[in-house]
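S.K.: Pasting in a structure now, in structure tokens, and then I'll have a few things to ask.
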Amino acid sequence: MQEQYEPQQLEVETQQLWEEQQSFYVTEDLCKEKFYCLAMFPYPSGKLHMGHVRNYTIGDVIARYQRMLGKNVLQPMGWDAFGLPAENAAIQHNVAPAKWTYENITQMREQFKRLGFAFDWRREITTCKPDYYCWEQWFFTKLFAKGLVYKKSAIVNWDPVDQTILANEQVVNGRGWRSGALVERREIPQWFLKITAYAEELLNDLDKLPGWPEEVRTMQRNWIGRSEGASIYFEVADHPQTLEVFTTRPDTLLGVTYLAVAPQHPLAETISKNNTAIKTFIEECRSIPTAEAVIATMEKRGINTGLKAKHPITNELIPIWIANFVVMDYGTGAVMSVPAHDQRDYEFAQKYQLPLKQVIKSADQAEHDFSKNAFFEPGTLINSGEFNNLTSAEACKAITDFLIQKQKGDRKINYRLRDWSISRQRYWGTPVPIINCEKCGALPAPEQQLPVVLPENVVFTGAASPLRNMPEFYQTQCPQCGGDAKRDTDTFDTFIESSWYYARYACKNQDNAMLDDRAKYWLPVDQYVGGIEHAVMHLLYARFFHKLLRDAGLVNSDEPFTRLLTQGMVLKDGAKMSKSKGNTVDPNHLIEKYGADTVRLFSMFAAPPEQSLEWSDSGVEGAYRFLKRLWTFGYSQRNISSNNHTIKNFAWENIAQSHQIIRRQIHELLQQARYDYERQQFNTVVSGCMKMFNLIQELANEANNANTEEQISSQAVVYEGFSILLRLLAPVVPHITHVLWQAWDFPELIINAKFPKSAADALKSDVIELVVQINGKLRGQITVNANADEENIKATALYNQNVQRHLEGQTVKKVIVVPKKLVNIVI
């Protein structure tokens, strides 16, 4: 052991030892409790940032802690390797996406290893390799056969620069999240997965996830958006079509003053053929993104169709408008508009001077000022004929019953959730395994033809996918008739790859099946770690995919992730670290200067995991100073363990009273650390370790001036305390603790050591310490017998030297004893 702390050297040597001994390679073991710890795998951008460091350090601390509890711990790593950035790099730097991706993976893998993460690298997954994506192609064909996959034309957000479909979440202020181009609305044929078939289960099973943050579960509930209401049928006067609308407020039906349909509604399309103004309006609406947030805030615009609908109760004729705020793929693409009781309908009616009819009055009968806004609260019905004086709840049922009886409506449950569009018009993704034949239609590629391999040696001539210009890729034969056919040139949404990767880790070397029984052993993931920005898209898709795998008999659990930790962002000067802001900190530089343990320690100590971490150069320096102090102490005191057999096997009944107090404090801190590890508050684990280290260090210094008997007693506490301290710190700073553990001649390697347990005899004490306050201010500390009566405690407090100094010239009015805590003297 060197005298000076040189982290770079000791970290490399420690990592080499782990690799030689295959320390983190695990297999299935039915005799041990399993623990599957997983952090969301990264996109191989080529360089780790501090967000990566924090995310994977959190996961590594959890995995190492669970290993110390004696569990069989799996912690794998892989690469979410498909995606648009590789294509952008290909266009910008004239390099094939595959080459760019694989070079970045090599670089990032080495960075991960430098940080000392306890990954089982044998299970490494790269999603752009055929041995991975062949199985999702296979699974797609099975879902196709079950009717859970279908193709249809749908309105999408189209990025004209990146030339691809964008999800609503990828549209920011009407622009593509990467290109910044104004997004267009286009109708494009695309493949869908029927996630709506699982909507109710996805919603209900959120109650099975108490280990998830409530915020995430709420976001998913809102995204699924279950709503109970009624489907109401409006006949169109002098027209064969009937408009079906869905509403959650049938109690407001008598207040309908107009109907509104989406610009893409079949009725709108039909009448536009003979109406230039309507046709022009519909064309203008094509530039509106499909994102609900954009639609909710944009200017409300519409055009009167000239058609009228019959009210299903009163037969009153109601005008039908085309409105830009109505979305075709939600509900039926038509809405009943009640301006008096819906703010959106109100704003539209105000603009186009449409009538307003109040049919709900507040329960307290207060008048509402409709010149300002709509009244959208439930209440009591008015102006509603036979339904007057019913509450909103009563009216919802009564009006729906009436409509059902008249065959003009029905009860219905609706979902905000739409089926998952999985087609992308990009190159760098998994090829959709479909063969298109003019005679036989769209057919899944035969199993013996899988995988449909994505050509990696391609040249980009623009943003469009090169697959469209590669007949050697798309030309094939129809598996049904044998005639000429074409492979689909679309690729999967990359969320497909990230929706099942966690399961493939369990059996990465399985070449003959998508998954095997090892997946049933390891799943579900016990602890998942990742950013809250993935709360809806990735996490919802993964939950859906897991249920598909379950129903195919490939897994035997309902949910993929039992417990979820969403870590906070890394901030600098109050802003999220990003290249665009120029405020990033290079973890490589930090590792070279301070070592990986310092980076890990700061990441865990600076803030609780779920909160944002504010970057601090002084905080990093402070973490480094602590580790240097720890090293210096470990070096200077390393001979304690070899002094004599008595220290290692000290008889604790012979401990000095003053040392017993310190030992008890060490074990109390251990108890708290165990609690903090369980609740994943690693910042308080570190702060507790710092307190423990101060106690141990002070006691070791005192031992130098003690007699032989007291010296043995104090050294025994130091030896035991340092053993506890190193094990508490080991998940956070595994390299320095590894070396110090060996230097002190503790048994085996620290990565194989068990988590320490508090000793009952240490926590039991014949004496207790009490703080002494004067008028609520701390003035001293006393040690008394644990069984001391109140008068004895008062007397001891009053005779304390420091307390007497503060009482000089004062009159004591009373002395209050709070048992086992404090004494408060009132003057």
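S.K.: If the label point is 7 Å along Cα→Cβ of ARG679, which residues in the range 1-44 have backbone nitrogen under 14 Å from it?
M.R.: So the set is empty, nothing qualifies.
S.K.: By accessible area of protein heavy atoms, probe 1.4 Å, what ranking do SER616, SER392 get, highest first?
M.R.: Working: SER616 35, SER392 10 Å².
Result of the area sort, largest leading: SER616, SER392.
S.K.: Another one. Report the one residue of THR811, ALA118, ASN373 whose Cα lies farthest in the direction of the positive end of the charge dipole of the chain (charges on C-beta: Lys and Arg +1, Asp and Glu -1; origin at the Cα centre).
M.R.: ASN373
S.K.: Could you work out the relative contact order of the range 84-213, using alpha carbon pairs under 8 angstrom and six or more residues apart, expressed as a whole percent? Please report the intermediate quantities before stating the final value.
M.R.: On the way: 99 pairs, mean separation 21.9, N = 130.
Relative contact order of the range 84-213: 17 percent.
S.K.: Oh, and also: Around GLN163, with a cut-off of 13 angstrom between Cβ atoms, what is the net charge of the other residues, counting Lys and Arg +1 and Asp and Glu -1? Working shown, then result.
M.R.: Numbers: positive: ARG178, ARG186, ARG424, ARG426, ARG468; negative: GLU87, ASP159, ASP162, GLU184, ASP490.
Surrounding charge for GLN163 is 0.
S.K.: In Å², what does the accessible area per residue of the chain work out to with a 1.4 Å probe?
M.R.: Numbers: 36320 Å² over 827 residues.
With the other protein chains kept in place, the chain gives 44 Å² per residue.
S.K.: Here's something else I'd like to know. What percent do you get for the relative contact order of the range 455-600 when only Cα pairs under 8 Å and 6+ apart count? Each step should come with its number before you reach the end.
M.R.: Details: 137 pairs, mean separation 23.5, N = 146.
Over the range 455-600, the number comes to 16 percent.
S.K.: Now for a different question. Roughly speaking, what is the centre-to-centre gap between the range 101-145 and the range 434-454 when only Cα atoms are used, to the nearest Å?
M.R.: One Cα centre to the other: 25 Å.
S.K.: Sticking with this one: For volume of the Cα convex hull per residue in Å³, the listed values are [x] 154; [y] 184; [z] 240; which was obtained by calculation from the structure presented?
M.R.: Correct label is [z].
S.K.: Right, something else. Helix-only estimate, please: 222 nm mean residue ellipticity of the chain, summing -39500 (n - 2.57) across DSSP H runs of length 4 or more and dividing by its residues, to the nearest 500. Provide the component values of the computation, followed by the final result.
M.R.: Working: 28 runs with 313 residues, N = 827.
Theoretical 222 nm ellipticity from helices: -11500 deg cm²/dmol.
S.K.: Would the range 349-422 count as rounded, prolate or oblate if I go by the C-alpha gyration tensor, calling it rounded below 1.5 in a/c and otherwise prolate when a/b exceeds b/c, oblate otherwise?
M.R.: Values: a/c = 1.99, a/b = 1.24, b/c = 1.60.
Because a/c hits 1.5 or more and a/b fails to exceed b/c, the range 349-422 counts as oblate.
S.K.: Turning to a different aspect of this structure: For the range 412-417, just list the computed ³J(HN,Hα) in residue order, Karplus coefficients 6.51, -1.76 and 1.60, θ = phi - 60°, integers in Hz, with x standing in for Gly and Pro.
M.R.: Values, residue by residue: 8, 9, 10, 10, 6, 4 Hz.
S.K.: Run the 1.4 Å probe and let me know the accessible area of HIS49, rounded to the nearest 10 Å².
M.R.: 90
S.K.: Could you tell me what percent of the accessible area of the chain is made up of carbon and sulfur, with a 1.4 Å probe and every protein chain present?
M.R.: Values: 17050 of 36320 Å².
Its accessible area is 47 percent carbon and sulfur atoms.
S.K.: Any idea what the relative contact order of the chain is, in percent, if you count C-alpha pairs under 8 Å spaced at least 6 apart? Can you show the working numbers first?
M.R.: Details: 1460 pairs, mean separation 116.9, N = 827.
This gives 14 percent for the chain.
S.K.: Separate question: Quickly rank 490-497, 20-27 as a protection proxy: mean count of other C-beta atoms within 10 Å, highest first. Don't skip to the answer; put the middle values down first.
M.R.: Numbers: 490-497: 23.8, 20-27: 14.0.
The peptides rank, most packed first, as 490-497, 20-27.
S.K.: With every protein chain kept in the model, how would you rank LEU307, LEU798, LEU699 by accessible area, 1.4 Å probe, largest at the top? It would help to have the intermediate numbers written out before the result.
M.R.: Values: LEU307 30, LEU798 55, LEU699 0 Å².
Highest to lowest solvent-accessible surface, that is LEU798, LEU307, LEU699.
S.K.: About the Cα centre, and with charges only on the beta carbon of Lys, Arg (+1) and Asp, Glu (-1), how big is the dipole of the range 453-600? Nearest 20 debye, please.
M.R.: On the way: 17 positive and 19 negative charges, 84 e Å.
Using Cβ point charges on Lys, Arg, Asp and Glu, the range 453-600 gives about 400 debye.
S.K.: Would you mind checking which residues have amide H under 5 Å from ALA442's amide H? H placed 1.01 Å from N; only 5 or more apart, or other chain.
M.R.: CYS437
S.K.: Using 29 Å as the Cα-Cα cut-off, could you pick out the over-long pairs in LYS576/LYS754; LYS146/LYS412; LYS142/LYS520?
M.R.: Working: LYS576/LYS754 38 Å; LYS146/LYS412 25 Å; LYS142/LYS520 20 Å.
Listed pairs above 29 Å: LYS576/LYS754.
S.K.: Residue-wise, which Karplus ³J(HN,Hα) couplings in Hz belong to the range 234-244, taking 6.51 cos²θ - 1.76 cosθ + 1.60, θ = phi - 60°, and x for glycine or proline?
M.R.: 10, 6, 9, 5, 6, 8, x, 7, 10, 8, 9
S.K.: Assign one of three labels to the range 537-696, namely rounded, prolate or oblate, based on the Cα gyration tensor with a ≥ b ≥ c the square roots of its eigenvalues; rounded applies when a/c is under 1.5, prolate when it is not and a/b is larger than b/c, and oblate otherwise. Spell out each step's value before the answer.
M.R.: Working: a/c = 2.72, a/b = 1.49, b/c = 1.83.
It is oblate, given that a/c is not under 1.5 and a/b is not larger than b/c.
S.K.: Tell me which residues come under 5 Å, amide H to amide H, from ASP490 once H is placed; ignore anything under 5 positions away on its chain.
M.R.: VAL432
S.K.: Let me ask something else about it. Using a 1.4 Å probe and ignoring any ligands, DNA or RNA, find the accessible area of HIS645 and quote it in Å² to the nearest 10.
M.R.: Probe radius 1.4 Å; accessible area of HIS645 about 140 Å².
S.K.: Among PRO444, LEU17, TRP744, which residue has its Cα furthest toward the positive end of the charge dipole of the chain, with +1 on Lys/Arg Cβ and -1 on Asp/Glu Cβ?
M.R.: So the residue furthest toward the plus end is PRO444.
S.K.: In addition: Return the long-range amide H neighbours of ARG175 (sequence gap of 5 or more, or a different chain), with a cut-off of under 5 Å between placed amide H atoms.
M.R.: For ARG175, the qualifying residues are VAL183.
S.K.: Follow-up question, since we're still on this one. Across the range 113-121, in residue order, what do the Karplus-derived ³J(HN,Hα) couplings come to in whole Hz, using 6.51 cos²θ - 1.76 cosθ + 1.60 with θ = phi - 60° and x for Gly and Pro?
M.R.: Listing the rounded values in order: 5, 5, 7, x, 6, 8, 8, 8, 6 Hz.
S.K.: Highest mean first, what order results for 59-72, 413-426 on Cβ atoms within 10 Å? Each step should come with its number before you reach the end.
M.R.: On the way: 59-72: 22.2, 413-426: 19.9.
Highest-to-lowest ranking by the protection proxy: 59-72, 413-426.
S.K.: Can you tell me how the range 49-134 classifies by the Cα gyration tensor, rounded, prolate or oblate, using a/c under 1.5 as the rounded cut?
M.R.: Numbers: a/c = 3.10, a/b = 1.96, b/c = 1.58.
Here the range 49-134 falls in the prolate category.
S.K.: Further, regarding this structure: For a protection proxy built on the mean count of beta-carbon atoms within 10 angstrom, sort 83-91, 458-466 highest first, please.
M.R.: Details: 83-91: 20.8, 458-466: 15.3.
In descending order of packing, they fall as 83-91, 458-466.
S.K.: Here is a follow-up. Where Lys and Arg each count +1 and Asp and Glu each count -1, what net charge lies around LYS351 among other residues with Cβ under 13 Å from its Cβ?
M.R.: Details: positive: LYS300, ARG301, ARG344; negative: GLU299, ASP345, GLU347.
That works out to 0.
S.K.: Quick check: the angle from helix 214-224's long axis to the longest principal axis of the chain, C-alpha only, nearest 10 degrees?
M.R.: 10
The values are calculated or read from the model by the stated rules, or taken from the named source; none is laboratory data. All of these numbers come straight from a predicted model, not from anything done at the bench. Every residue, glycine among them, receives a Cβ derived from its backbone with ideal geometry; neighbour counts consider all protein chains shown. All accessible areas refer to the heavy atoms of the entire protein, side chains included, with ligands and DNA or RNA removed. Shrake-Rupley method; radii C 1.70, N 1.55, O 1.52, S 1.80 Å.
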